[in-house]
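Contents: one structure, followed by commentary.
The values are calculated or read from the model by the stated rules, or taken from the named source; none is laboratory data. Source: prediction; values computed, not measured. Don't worry about glycine lacking a Cβ; one is built from the backbone with ideal geometry, like all the others, and counts go over all protein chains shown.
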Amino acid sequence: MTATSPRTAVTVRVPAKVNVQLAVGEVRPDGFHDLANVFLAVGLYDEVTATPADALRVTCEGPDAAQVPLDRTNLAARAAELLAARHGREPAVHLHIAKDIPVAGGMAGGSADAAAALVACDTLWGTGASRAELLALCAELGSDVPFSLLGGAALGTGRGERLRHLEVGGTFTWVFAAADGGLSTPAVYREFDRLTAGTDIPLPHAVPELLDALYTGDAVALAAHLENDLQPAALSLMPSLADTLAVGREAGALAALVSGSGPTTAFLVKDEESAGVVTEALRATGRCRTVRTATSPVPGATVLPRPAES
């Protein structure tokens with residue numbers, strides 16, 4: 001069976017991300033902020049399956065499926081439309097999202113789905129898009145989408161879409177606690193602007209010691225340099241997150257921070273045993289919708305092997 005057979009389905013697995021550094025500069029004339037954004041892809045995954053259809057359709061399953069839009073505002077649907085338009089075809093595809101990345105949690109779940117949809121549709125339709133073309137389309141869709149395609153570790157500059165691959169010398173273990181409710185990324189940036197109004201905001205740059213810690217795989221050194229300039233804004237909008245961060249630290253996490261724009265909180269831990277202790281402490285608070293353990297870095301959007309066909 002060929003890749004363009006109407007019976008073919010293509011499934012792409014794509015990871016969540018954590019920002020181990022998110023340095024935010026002043027708002028630009030286009031409304032975005034210049035960033036120094038150090039991404040790590042972590043082993044929490046969505047899967048997007050593309051199958052031929054008469055028209056574009058999106059379905060979703062998973063713990064947060066009810067929160068996922070199924071119309072053309074869904075970023076995966078926009079990705080299919082964008083790729084189809086570039087190659088002169090109709091976006092006639094059914095995209096099914098098996099969602100395991102928290103929705104509106106600051107872990108780039110929507111961006112991940114967009115990257116996965118691009119790869120799945122490119123494979124299904126046989127459009128043969130180059131990696132450079134896919135990355136350019138990702139950048140049109142959103143600041144975090146290019147990293148979802150690449151995975152691993154990277155420094156994002158500009159609004160986060162210009163990526164430089166980073167070498168990582170080991171595996172890092174994390175605990176992620178998803179809070180009840182979500183935070184809108186634009187709302188968090190607006191709160192950042194409010195909180196920093198009238199102050200001198202330095203140009204964002206990656207911290208050399210943090211990059212060194214990634215390169216050597218030193219979790220203790222990495223913990224000493226984790227930072228997120230959006231964290232005060234996220235805590236201002238959802239003050240309960242401060243208590244969650246404190247519980248994780250008291251349970252032995254090497255470091256704790258809000259993941260991206262939140263409200264997921266991320267806890268860097270020494271090993272799996274420490275992860276278990278931190279997980280139990282967070283679950284005992286009753287304030288976390290889910291608590292998950294994952295490692296990083298992991299690969300970006302990946303086409304999964306097809307099941308054996310008879």
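Structure above, values below:
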{"read-out": "Residues that are more than 21 Å from GLU227 (Cβ to Cβ), β-branched (Val, Ile, Thr) and not in a loop (DSSP other than H, G, I, E, B), drawn from segment 252-294", "value": "VAL277, THR279, THR290, VAL291, THR293"}
{"read-out": "Residues located in segment 91-107, provided they are aliphatic (A, V, I, L, M) and under 20 Å from PRO52 (Cα atoms)", "value": "ALA92, VAL93, LEU95, ILE97, ALA98"}
{"read-out": "Residue match in segment 89-103 (condition: modelled with pLDDT of 95 or more, surrounded by 14 or more Cβ atoms within 10 Å (Cβ to Cβ) and assigned to a helix (DSSP H, G or I))", "value": "no"}
{"read-out": "Of all residues in segment 145-174 being touching a Gly at 6+ places or on another chain (Cβ under 7 Å) and assigned to a strand (DSSP E or B), the one that is modelled with the lowest pLDDT", "value": "ARG162"}
{"read-out": "Selected residue (criterion: nearest to PHE39 (Cα to Cα)) from residues of segment 235-259 that are in contact (Cβ under 8 Å) with a residue 60 or more places away in the chain and touching a Ser or Thr at 6+ places or on another chain (Cβ under 9 Å)", "value": "SER259"}
{"read-out": "Test for ASP180: is it surrounded by fewer than 20 Cβ atoms within 10 Å (Cβ to Cβ), among the charged types (D, E, K, R) and without any contact (Cβ under 8 Å) to a residue 12 or more places away in the chain", "value": "no"}
{"read-out": "Count of residues meeting criterion [touching a Pro at 6+ places or on another chain (Cβ under 9 Å) and either of a type in the set (A, V, I, L, M, F, W, C) or touching a residue at least 40 places away in the same chain (Cβ under 8 Å) (or both)] in segment 142-165", "value": "10"}
{"read-out": "Unique match (being within 30 Å of VAL10 (Cα to Cα) and either of a type in the set (Val, Ile, Thr) or free of Cβ contacts under 8 Å to residues at least 12 places away in the same chain (or both)) among THR285, THR265, THR279, THR290", "value": "THR290"}
{"read-out": "Conditions (1) in contact with a strand residue (DSSP E or B) (Cβ under 6 Å, 6 or more places away or on another chain); (2) in the same structural domain as LEU214 (by TED's automatic domain parsing); (3) among the hydroxyl-bearing types (Ser, Thr, Tyr); number of the one not met by THR302", "value": "(2)"}
{"read-out": "Out of PRO6, PRO52, PRO15, sole residue that is modelled with pLDDT of 95 or more and surrounded by fewer than 17 Cβ atoms within 10 Å (Cβ to Cβ)", "value": "PRO52"}
{"read-out": "Entirely in segment 8-70, the strands (runs of 3 or more DSSP E) that have 2 or more residues that are small (Gly, Ala, Ser) and out of contact with any Asp or Glu (no Cβ under 8 Å at 6 or more places or on another chain)", "value": "33-52"}
{"read-out": "Flag if ASP122 is crowded, with 18+ Cβ neighbours inside 10 Å, under 21 Å from VAL42 (Cβ atoms) and among the charged types (D, E, K, R)", "value": "no"}
{"read-out": "Any hit, segment 136-152, residues being surrounded by fewer than 20 Cβ atoms within 10 Å (Cβ to Cβ), of a type in the set (A, V, I, L, M, F, W, C), closer than 26 Å to PRO52 by Cβ and assigned by TED's automatic domain parsing to the domain that holds GLU26", "value": "yes"}
